[in-house]
Amino acid sequence: MKNSMSRRQFILAAGALAGSAVLAGCGGSSTSSSSTSTNTDSSASDDSYTLVKDGTLTVVAELGFAPFEYMNDQTGDPEGFDVDVINAVAEKMGLQCEYLPNQKFDTLVPLIKQGGKADVSIAAITITDEREESVDFSEPYLDSNQAIVALKGSTETEATLNDASKQVVCQGGTTGNDWITENLPNATCVPVDDVTAALTGVQTGLYNAMVVDLPVAKYMLTNSFSDLDIIEEIATGEQYGIAISKDNPNLTKAVNKALEDMKSDGTMDSIETKWFGSTI
Ligand code: ARG
């Protein structure tokens, strides 16, 4: 159990939690839990934290956001940058890692706030003041920006899109959604659940453009939507963090410690290189 398990070793665990869950081997030993591990005993040491399931870091995400998190069609397992990051975090904490079934993006922060289902959400979630009212975030683990995507050869710009005749699509509840509302007030903003459906809609002319995280736009256009273009990069200066309940501050501390270790021991660099071809 010491070495990282391959993603093939994710296994389905029916009925483990509220519904069936995907188990991701984290390579951590569940027997190595120390005083910092699961604790529901109020008499235990101060740095103890609670977990939904003993020995396991239970993760929830919206799994349609490549290269950060997506389902491998063949195996049905979650894959991506964030999946590697949270597996490595869990491994550092001596925990197994288990993904709940896919959830809509705009339910993730409320679900962590509510508690009881998942310990953390890692889903390319931008740290925002508004979200910080509901949940705590780990230290940022990646910088990001937004992109406007339209058909290749399109003459659209930010200015032409800000018109009552224009439909601009986004994933509902995202910072892209907020950006459209604030910066294209004259356009019709169309929030949808699924990024692939949104991009397909831009491809077929249903929407004039999409606003989405830049790394996702780059990845999706290179891999699946070669007839679309990034017509503008928007320097929003966002940072991704892992969302954790405010009732579990020591879990945030333990996750931060794991992230710190991953930065200093090269784990983070190797995950970045794997997914982005270089460190960011
Ligand atoms: N970074 C953006 C936000 O936080 C988009 C995240 C979408 N993530 C996802 N897994 N669908 O709003």
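None of the figures in this text is laboratory data; all of them are computed from the coordinates on show. Predicted, not measured: the structure shown is a model, and the values here were computed from it. Positions of Cβ are backbone-derived with ideal geometry, glycine not excepted, and every protein chain shown enters the neighbour counts.
What net charge is computed for the residues neighbouring Leu221, neighbours being all others with C-beta under 15 Å from the C-beta of Leu221, Lys and Arg scored +1, Asp and Glu -1? Residues close to Leu221 contribute a combined charge of -3.
In this entry, region 47-118 is assigned a mean projected area of 5.2 nm², taken as a quarter of its C-alpha convex hull surface. Within a straight-line Cα-Cα reach of under 22 Å, Lys166 can be paired with the following lysines, leaving aside sequence neighbours fewer than 8 residues apart in one chain: Lys152.
Counting 0.36 nm for each residue step from Asp193 to Ser154 and taking away their Cα separation leaves a gain of 11.6 nm.
Here region 197-280 has an Rg and Dmax of 17.4, 48 Å, counting Cα atoms alone. With the simple model of a label 7 Å out from the Cα in the direction of the Cβ, Asn223 to Lys263 spans 2.7 nm. Per the Debye formula on identical point scatterers at the alpha carbon atoms of region 184-226, with no solvent, log10 I(q)/I(0) at q = 0.20, 0.21, 0.25 Å⁻¹ is -0.64, -0.70, -0.95.
Going by neighbour counts of Cβ atoms within 10 Å, the residues Thr279, Thr252 line up, fewest first, as Thr279, Thr252. With 25 Å as the limit, the listed pairs Lys104/Lys218; Lys117/Lys253; Lys104/Lys253 have Lys104/Lys253 beyond it between alpha carbons.
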